[in-house]
Structure formats: C-alpha cells, structure tokens
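To start, the structure under review is shown below, and the notes come after it.
The values are calculated or read from the model by the stated rules, or taken from the named source; none is laboratory data. Keep in mind it's a predicted model, so treat the numbers as computed, not measured. When we count neighbours, we look across all protein chains shown, and the Cβ atoms used for this are built from the backbone with ideal geometry, even at glycine. These area figures cover heavy atoms from the full protein model, side chains too; ligands, DNA and RNA do not enter into them. Shrake-Rupley method; radii C 1.70, N 1.55, O 1.52, S 1.80 Å.
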Amino acid sequence: MRVYRERLRAPLSWWLLGLVVIVILGAELAAGFGWLAAAAIYAVLVAGWSAMLISWGRPRVEVADGELVAGRARLALAAAGEVSALDRAQTRAISGPAAFLLIRPYLREAVYVEVTDPAVGTPYWVVGTRRPAALAAAINSARPAARAGGTAVG
C-alpha cells in the first residue's frame, strides 16, 4: 500500500530562468550568423536545458509496501532507525560523502533516515522533498508494519 509519493520535478521558476539565460546567451552566440544558424543555436540550448531539468526531475520518492524508494534506491523500512524532517541549514550541514543522497538544488529541505542495518552500506539517507514533514510522517507510520512483516493499515 502506498503511503507517500512525490516526483522531484524542477519548479516553473527554474524553467523560466533558464529561458531568460538562453535568450541572452543565444543572442551572444548567434550574433553575426544567419537565421538558420541562430535557430540551430537556440534549439541546442533549449534542448540541453530541457534535458537537464527533465533528468533532474525524473526521480520519485515513495513510501510503499514497507520500503522507502528514492530514485533507483530502495531501503526496507525495517532497517530504518531515527527519521526526522530537516530544514535548509540542517540539510546543507548533514549532506556528506558517507550518506546516500537524493537531493536537488531546488529542494532546500530534506528528510534524514538513519539506517540501522549495516548490510545496507550507508549509515543514513538524506532525501530531498518539498514536504519533509509529510514524508517523515509517512515513513514513521509505515515503519511499524514493516518491522512486523505486515502492511500498513490506512
């Protein structure tokens, strides 16, 4: 049973800011060329920016069937210890090389998930989200059922 689901899509402001930068950069690069070369320059810039933002927004964060799914990674909730919502400063401070990180520059808040099973290979996960309190609550509500071997009721 799915308790929480979120896509980490880039916000509209990042798309619009990118288009402004593309207009300025494209004008600089296309100066002195014909309209066909200018169109090709703008097409490459728009395609590159779109591909990057679509790639960044592809991962999903989901709590379902006793697992936390963050992008391609999965963590059994039975192996989860302490869970807490992090603000901007805490997210920046705790992001380190030993952790599993799924963060994006446009997501300033995250959820910390302690990993109690040494077989997982990382001591904790930091998962970026727009709704850290809701994600932390979903993990905490699904965790007792995962540890008991059942499914969450709700």
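Values computed for the structure shown
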{"read-out": "Probe 1.4 Å, accessible area per residue of the stretch 1-94, Å²", "value": "61 Å²"}
{"read-out": "Accessible surface of the stretch 1-113 [probe 1.4 Å, protein heavy atoms]: carbon and sulfur percent", "value": "63 percent"}
{"read-out": "For the stretch 1-72: relative contact order, % (alpha-carbon pairs under 8 angstrom, 6 or more apart)", "value": "50 percent"}
{"read-out": "Distance in nm between pseudo-label sites at Leu36 and Arg108 (7 Å out along the Cβ direction from Cα)", "value": "4.8 nm"}
{"read-out": "Local electrostatic count, Arg130, Cβ distance below 15 Å [Lys/Arg +1, Asp/Glu -1]", "value": "+4"}
{"read-out": "Per DSSP, loop chymotrypsin sites (Phe, Trp or Tyr not before Pro) in the stretch 1-51 with at most 15 further Cβ within 10 Å", "value": "Phe33"}
{"read-out": "Hypothetical label at Ala134: residues of the stretch 52-68 whose amide nitrogen lies under 20 Å (7 Å Cα-Cβ projection)", "value": "57-68"}
{"read-out": "The stretch 1-90 shape via C-alpha gyration tensor axes, a/c threshold 1.5", "value": "prolate"}
{"read-out": "Rounded to 10°, Cα long-axis angle of helix 132-148 versus longest principal axis of the chain", "value": "40 degrees"}
{"read-out": "Relative contact order (%) - criterion: Cα under 8 Å, at least six apart; region: the stretch 57-138", "value": "28 percent"}
{"read-out": "Viscosity 1.567 mPa s, temperature 4 °C, Stokes-Einstein D of the chain from Kirkwood C-alpha radius, µm²/s", "value": "74 µm²/s"}
{"read-out": "Relative contact order computed over the stretch 33-86 (Cα-Cα under 8 Å; 6+ residues apart), in percent", "value": "17 percent"}
{"read-out": "Length added when fully stretched, Thr122-Ala98, from 0.36 nm per residue minus Cα-Cα", "value": "8.0 nm"}
